[in-house]
Amino acid sequence: MGRLWDKLTGTKRPESGVAPLPSTEVRAALLALNVPDVPYRVRNALPAEKADLVAECQIRRVGVRLKTRIRLNPEKNEVCFLDERWESRSSDHANAQYGRGHAPATYRQWETKQGPDGRRQKVEVFRFDTQEMTDPLRDAVLAAGWTWRGVFKL
């Protein structure tokens, strides 16, 4: 069940032969992902978040807020992460749907436009894949020689 469980939780292990870096360097690598052209921010976690770092992304256009809580475990050279997602299809945030755990998703918006042949056709005008946030986090951890371990509770 190990491989199946890893797939369900999004757990990935580093390539063999990659020497694990100290936790301070892993933290620095994750915080270094904060560059102007990415749709998310990585920050130090608040005490109530029960994590070391948090990556957050809000895509107002489709009413989605993503949060990945990250806990560093230097004894095992692994990062435990918990993905959380809030979706509200309207301005009514009281009816937002909440989900947690590894569940990659792609959000799209379409418009109907007149094509070159005069016929109406659907055209994709917006696309966001949740892996645009989680993949760089995971890749930074794996490059540091640590395991990226999905969990359901931090």
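Within segment 107-121, residues that are touching a residue at least 12 places away in the same chain (Cβ under 8 Å) and of a type in the set (Ser, Thr, Tyr) sit with their Cβ atoms under 8 Å from residues that are open to solvent by less than 70 Å² (accessible area, probe 1.4 Å) and part of a strand (DSSP E or B), at 6+ positions apart or across chains, in these pairs: TYR107/ILE59; TYR107/VAL64; TYR107/PHE126; TYR107/PHE128; TYR107/ASP129. Kindly establish whether ARG3 is over 18 Å from LYS76 (Cα atoms) and of a type in the set (Lys, Arg). In short, yes.
A single entry from GLU84, GLU49, GLU75 fulfils the requirement of being closer than 30 Å to GLU124 by Cα and of a type in the set (Asp, Glu): GLU84. Comparison of PHE128, PHE152 shows that the only residue that is touching a residue at least 60 places away in the same chain (Cβ under 8 Å), touching a Gly at 6+ places or on another chain (Cβ under 9 Å) and aromatic (Phe, Trp, Tyr) is PHE152.
Quick one: in segment 35-54, which of the residues that are among the small types (Gly, Ala, Ser) and touching a strand residue (DSSP E or B) at 6+ places or on another chain (Cβ under 7 Å) is nearest to SER23 (Cα to Cα)? Out of the qualifying residues, it is ALA51. Among the residues of segment 105-115, just one is open to solvent by less than 70 Å² (accessible area, probe 1.4 Å) and either among the acidic types (Asp, Glu) or in contact with a helix residue (DSSP H, G or I) (Cβ under 6 Å, 6 or more places away or on another chain) (or both), namely TYR107. Residues in segment 116-151 that are surrounded by 11 or more Cβ atoms within 10 Å (Cβ to Cβ) and part of a loop (DSSP other than H, G, I, E, B): 5 in all.
The values are calculated or read from the model by the stated rules, or taken from the named source; none is laboratory data. Since the model is a prediction, treat every value here as computed from it, not as a measurement. So basically every Cβ, Gly included, is an ideal-geometry build from the backbone, and we count neighbours across all protein chains shown. SASA here: full protein model, heavy atoms, side chains in, ligands and nucleic acids out. Shrake-Rupley method; radii C 1.70, N 1.55, O 1.52, S 1.80 Å.
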